[in-house]
Amino acid sequence: MVYQLNNVSVKYSNRTAVRNISCTIEEGKWISVIGQTGAGKSTFVQVLKGLISNIDGDYLIDQRPVKRDAKGQLMVIPEIGFVFQYPEHQLFETTVFKELVFAPKQQGWSHQQISKSISNVLPLLGLAEDILPLAPFQLSGGQKRRVAIASVLMMNPQLLIVDEPTAGLDPVSKAALLQLLKNWQQQESRTIVFVSHQMEDVAEYSDEVIVFHEGCLVKQLDTRSLFLEQPHLLENIGMSLPESIQFLRIVEELAGEKINISSCREQEILDKILPIWRARGLLNV
Amino acid sequence: MFTFDHVHFYYKKGQPVIDDVSFTIQAGEFVSIVGANGSGKSTVAKLIDGLLLPKKGTVKFHQLDTANPHDLMKIHQQIGFVFQNPEDQFITTTVMDEVLFGLQNIQVPREEMRGRVEASLRAVHMEDYLDAMPHQLSGGQKQRVAIAAILAMRPQMIIFDEATSMLHPEGRKQVLAIMQDLHHQGMTIVHITHHMEEALQAERILLIHEGRLQFDGDPLRFFETVAVTNYQLQLPFQVRLHKTLQLEGPIAVNWKEGIRSQWSIN
């Protein structure tokens, strides 16, 4: 599915939260949304999910205007999954199983559909079946987070919005969760909209980046272009380049040559630089 | 100055959360306590604060024992805590009231209050926000006010319990810079974190894993000798770089200079 906003503005009583936003969210991509606090990122993702009923401008899904109610107000879009910050705070059932089946039951799913979805979702998030009878409070922080995300993936969303999904997790749990989301997005050809302040994660996982500043969508561009060709966009919003890219820049400057890389992943950068380092006789091997 | 002596703690018998941990923190030290989610590092913080009491062993600040309620009052006046969520720490409506609140509680003479409030806000570069309302501040600014409120009480030691983990990169930098400032002024700093870049700033690292103290030593030795990924932690960028590029000599905290100097040697 393709999600498209045309000249969308959202006004709260005394201020405009986002102004004239136009963008296209294409299928099968990991799209990161960056910007300072208050830049409009949260309003933008809420518009996508249909959580803000009163918007100016057009919102189209697969070129058709999204549904509005009798008063002309936007309705929540069920095909989009939304994982809020600290989603584990919203776990309320007594077992993981009940937590996972809550929304499907509300939707009147059959037993078969539910168990099929559970057996799809658990491995996607690196969870084993023996977790199902446990109470959420018996789980570690990382497990709780994955259960909360699993309960959103149960509904098999085409597009998943995640707002700072790794806040508070230790580094290994964080990398594992982002990799699981990346696998889901790639294998199932789904779309992820990822709100983050961590430029290292944005560089590592995204295909595209949407840059917000003071309520405006400044630019939507591919990840490589942002970090390698238009780093001033980051500076303008007070963000730093990931250290791996700063490193790339320093080596380019020292070597006096441009180093071509195809992605902004740290491993690829290090792999490209190692031979240069070796050629200069700086490696002990 | 601060001693954990063979401390044991559990919620359920037979399932130790803290298992025979001993260490001493000297006045003026900057110590990072590191470990994964669920390792027991926050339990250590609660034991330091006397929110939890050891099942066996003692936790002492100088000669004061957290297990003694009379001592605990005095300990609380000497040790300040900065918590994870800046939203949770505000109880008043202006920055000035927030800093005043603690002083009123410990009955500081009225004529002394204003000076203490201003000095502590200056120390965290928030002196221009005296009348600001907390909701107008960024996360980093809120944490700095929380720190000022603690400084006004003139503690000997401040514990930062994952105090940067909910902040954006800019706020994180601000709070880390304040920690360094305070340390250079002689304050004892304990920073509980799982961000290894931040731990690298400390003079000493204590690694807690499954309730046990697994390492106690300086950061560079920590990153050279401990397989941190076994503990759900990650090497900081400069250490990954140092290892990948097989750089000579000790790990440079300022990796950019390290790279340039290595390049110019050859």
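No value in this document is a laboratory result; all are computed from the given coordinates. If you're wondering where the values come from, they're calculated on a predicted model, not measured in any experiment. Cβ placement follows ideal geometry from the backbone for every residue including glycine, while neighbour counts extend to all protein chains displayed.
With a point put 7 Å past each Cα toward its Cβ, work out how far A:LYS71 is from A:GLN106 in nm, to one decimal.
The two pseudo-label positions are separated by 2.0 nm.
Using only Cα atoms, tell me the angle between helix A:141-153 and the longest principal axis of chain A; keep it within 0 to 90° and round to the nearest 10.
For helix A:141-153, the angle is close to 60 degrees.
Using label points projected 7 Å from each Cα along Cα→Cβ, tell me how many nm separate A:ALA128 and A:LYS258, to one decimal.
According to this spin-label approximation, the distance is 5.1 nm.
I'd like the Kirkwood hydrodynamic radius of segment B:1-142, using the inverse of the mean 1/r over distinct C-alpha pairs, in Å.
17.4 Å
Assuming R0 = 45 Å, can you tell me the calculated FRET efficiency for the pair B:ALA67 and A:ARG249, based on Cβ-Cβ distance, to the nearest 0.05?
Rounded to the nearest 0.05, the efficiency is 0.25.
Mind jotting down the three principal axis lengths of segment A:92-171 based on Cα atoms? Whole angstrom, largest first.
Projected onto the principal axes, the Cα atoms of segment A:92-171 cover 38, 29, 22 Å.
Under 28 Å from the Cα of A:LYS219, which lysines turn up, not counting those fewer than eight places away in the same chain?
A:LYS11, A:LYS29, A:LYS41, A:LYS49, A:LYS67, A:LYS174, A:LYS182, A:LYS258, B:LYS173
Out of all DSSP beta bridges with both ends in segment B:157-266, state the antiparallel percent to the nearest 5.
Bridges in segment B:157-266 are about 50 percent antiparallel.
If you restrict to DSSP beta bridges whose two residues both lie in segment A:3-235, what percentage is antiparallel, to the nearest 5?
If we restrict to bridges inside segment A:3-235, about 55 percent are antiparallel.
Send over the Kirkwood Rh of the protein assembly as shown, from the inverse of the averaged 1/r over different Cα pairs, rounded to one decimal Å.
25.9 Å
Give the residue from A:ILE34, A:ILE210, A:PHE44 lying farthest towards the positive end of the charge dipole for chain A; charges sit on Cβ (+1 for Lys and Arg, -1 for Asp and Glu) and the dipole is referred to the Cα centre.
A:PHE44
Assuming a viscosity of 1.306 mPa s and a temperature of 10 °C, what translational diffusion coefficient in µm² per second does Stokes-Einstein assign to segment A:29-150, Rh being the Kirkwood radius over Cα pairs?
Estimated via Stokes-Einstein, D reaches 94 µm²/s.
What's the magnitude of the charge dipole for the protein assembly as shown around its Cα centre, counting Lys and Arg as +1 and Asp and Glu as -1 at the beta-carbon? Answer in Debye, nearest 20.
In debye, rounded to 20, the protein assembly as shown gives about 740.
For chain A, take the longest principal axis of its alpha carbons; what is the angle in degrees between that and the long axis of helix A:171-187, to the nearest 10 within 0 to 90?
Helix A:171-187 sits at roughly 70 degrees to that axis.
Dipole of segment A:3-235, Cα-centred, from +1 at each Lys and Arg C-beta and -1 at each Asp and Glu C-beta, to the nearest 20 debye?
680 debye
Need one number for segment B:205-266: average projected area of the convex hull over its C-alpha atoms, nm².
That works out to 4.4 nm², a quarter of the Cα hull's surface.
I'd like the per residue volume of the convex hull spanned by the Cα atoms of segment A:242-285, given in cubic angstrom.
That works out to 71 Å³ per residue.
Once you have the Cα-Cα distance between A:THR37 and A:LYS182, take 0.36 nm times their residue separation minus that, and quote the gain in nm to one decimal.
49.7 nm
Within straight cross-link reach of A:LYS71, meaning Cα distance under 20 Å, which aspartates and glutamates are found once same-chain residues fewer than 8 apart are removed?
Cα-Cα hits under 20 Å: A:ASP56, A:ASP58.
Distances longer than 18 Å among the Cα atoms of segment A:173-285: what percent of all pairs is that?
Here the tail beyond 18 Å accounts for 56 percent of pairs.
Sort the following peptides by mean Cβ neighbour count (other Cβ atoms within 10 Å, averaged over residues), highest first: A:100-111, B:123-134.
Top of the packing list down: B:123-134, A:100-111.
Using alpha-carbon pairs under 8 Å, 6+ residues apart, how would you state the relative contact order of segment A:6-161 in percent?
Relative contact order of segment A:6-161: 23 percent.
Okay, which of segment B:52-95 sit inside 18 Å, backbone N to the point 7 Å along the Cα-Cβ direction of B:ASP128?
Residues passing the 18 Å test: B:95.
Can you pull the one-decimal nm distance between simple spin-label points at B:GLN26 and B:ASP5, each 7 Å off the Cα toward Cβ?
2.0 nm
What value in Å³ per residue do you get for the convex hull of the alpha-carbon atoms in chain B?
Output value, Cα hull per residue: 138 Å³.
So in chain B, what percent of DSSP beta bridges are antiparallel if you round to the nearest 5?
50 percent
At a threshold of 8 angstrom on Cα-Cα distance, excluding pairs fewer than six apart, so keeping six or more, what relative contact order does segment A:111-203 reach in percent?
So the answer I get is 32 percent.
Among the lysines, select those whose C-alpha is under 21 Å from the C-alpha of B:LYS74, and discard any that sit fewer than 8 residues away in the same chain.
In chain and number order, the partners are B:LYS46, B:LYS60.
Based on alpha-carbon atoms only, what is the radius of gyration of chain A relative to the globular estimate 2.2 N^0.38 Å?
Computed over Cα atoms of chain A, the ratio equals 1.11.
Which FRET efficiency value, to the nearest 0.05, do you get for B:HIS184 and A:VAL2 by plugging their Cβ-Cβ distance into 1/(1 + (r/R0)^6) with R0 = 51 Å?
It comes to 0.40.
Evaluate peptide A:165-171: per residue, the Cβ atoms of other protein chains within 10 Å of its Cβ; return the mean as an integer.
Counting other chains' Cβ atoms within 10 Å and averaging over A:165-171 gives 6.
Can you give the extra length, in nm with one decimal, that the chain gains between B:ARG221 and B:THR94 once fully stretched, where that is 0.36 nm per residue apart less the Cα-Cα distance?
My answer for the length gained is 41.3 nm.
I need the GluC sites (Glu not before Pro) found in segment A:193-223, filtered to DSSP loop residues with at most 14 other beta carbons within 10 Å of theirs.
Sparse-neighbourhood loop GluC sites (Glu not before Pro): A:GLU214.
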